[in-house]
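Only one structure is covered here, and it is reproduced in the block below.
The values are calculated or read from the model by the stated rules, or taken from the named source; none is laboratory data. All of these numbers come straight from a predicted model, not from anything done at the bench. Reconstructed Cβ throughout: ideal geometry from the backbone, glycine too, with neighbour counts over all protein chains shown. Just the protein is used for accessible areas: all its heavy atoms, side chains included, with ligands, DNA and RNA removed. Shrake-Rupley method; radii C 1.70, N 1.55, O 1.52, S 1.80 Å.
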Amino acid sequence: MNEETPALHESPGERLAAGVERRWATVVILIMAVIVVVAAFAGIHQATMPQAQVETINPTRLHLGGEFVETNLGSAVEPNGAVTVRAVGQQYSFTPQCMVVPTDSLVTFRVASADVIHGFLIQGTNINTMLVPGYVSTIAARFDEPGDHLMPCQEFCGVGHEGMWAKVRVINRAEFMKMAESKLRLTCVE
Ligand code: CUA
């Protein structure tokens, strides 16, 4: 006589749960496959790589000499007509407080922090980076229209964080170049 062994019969609920789990596992594997393909495409086809170099700087000695000494801050015209803006962020202000840049020009911001992490964000543009003590933050930009942009610090940096902001003033290139004839470093600090 055949005695039926008590087989492991699944209840309908268990079967449904197993089905849902299998489906979800398939979705996860597909998501991972897409991520691998996108990463491989970016790395191989578009040659996306980690930054080749980082520029380091001693945050405690910025004011004593070198690129970020106070007399060197502001906007400078390079021999090729491009403009470099150098600035420092510290608790709780930016120096210079008002940066002036020309329209229709390659503008490179080079900014360092003298103490803690600050944010560097120019409203109305997609310029947004962090100022990490020990490193130089470099960001390239181009401004089409004259006008004023607020530049609030957007990384919490201490009790005075809310009051830490500067301004970026975009003026016509011709006007900017006229200003640059008489001064090596330009700002709009009044
Ligand atoms: Cu500096 Cu917030």
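A few remarks follow.
- For the stretch 180-190, the set of residues classified as buried (at least 16 other Cβ atoms within 10 Å of the Cβ) and part of a helix (DSSP H, G or I) consists of ALA180 only.
- The criterion of at least 2 residues that are surrounded by fewer than 16 Cβ atoms within 10 Å (Cβ to Cβ), modelled with pLDDT of 95 or more and more than 15 Å from the ligand (Cβ to nearest atom) is met, among strands (runs of 3 or more DSSP E) falling completely within the stretch 117-160, by 147-152.
- Remark: pairs (first residue in the stretch 150-178, closer than 18 Å to PRO96 by Cβ; second residue hydroxyl-bearing (Ser, Thr, Tyr) and surrounded by fewer than 17 Cβ atoms within 10 Å (Cβ to Cβ); Cβ separation under 8 Å; 6+ apart in sequence or on different chains) = MET164/SER93; ALA166/SER93.
- Failed condition for GLY66, given (1) free of Cβ contacts under 8 Å to residues at least 12 places away in the same chain; (2) within 16 Å of the ligand (Cβ to nearest atom): (2)
- Residues in the stretch 63-88 that are more than 19 Å from LYS183 (Cα to Cα) and touching an Asp or Glu at 6+ places or on another chain (Cβ under 9 Å) were compared, and the one that is least open to solvent (accessible area, probe 1.4 Å) is VAL88.
- Residue that is nearest to VAL77 (Cα to Cα) [pool: residues in the stretch 99-116 that are open to solvent by less than 40 Å² (accessible area, probe 1.4 Å), touching a Pro at 6+ places or on another chain (Cβ under 9 Å) and within 16 Å of the ligand (Cβ to nearest atom)]: ALA112
- Of residues in the stretch 164-175 being part of a helix (DSSP H, G or I) and out of contact with any Ser or Thr (no Cβ under 8 Å at 6 or more places or on another chain), the one farthest from the ligand (Cβ to nearest atom): ALA174
- Residue in the stretch 55-62 that is assigned to a strand (DSSP E or B), more than 16 Å from the ligand (Cβ to nearest atom), open to solvent by 50 Å² or more (accessible area, probe 1.4 Å) and not aliphatic (A, V, I, L, M) present: yes
- The selection criterion, being farther than 20 Å from CYS188 by Cβ and within 18 Å of the chain's Cα centre (by Cα), does not hold for VAL85.
- When GLN91 is tested against (1) more than 16 Å from the ligand (Cβ to nearest atom); (2) open to solvent by 70 Å² or more (accessible area, probe 1.4 Å), only condition (1) is not met.
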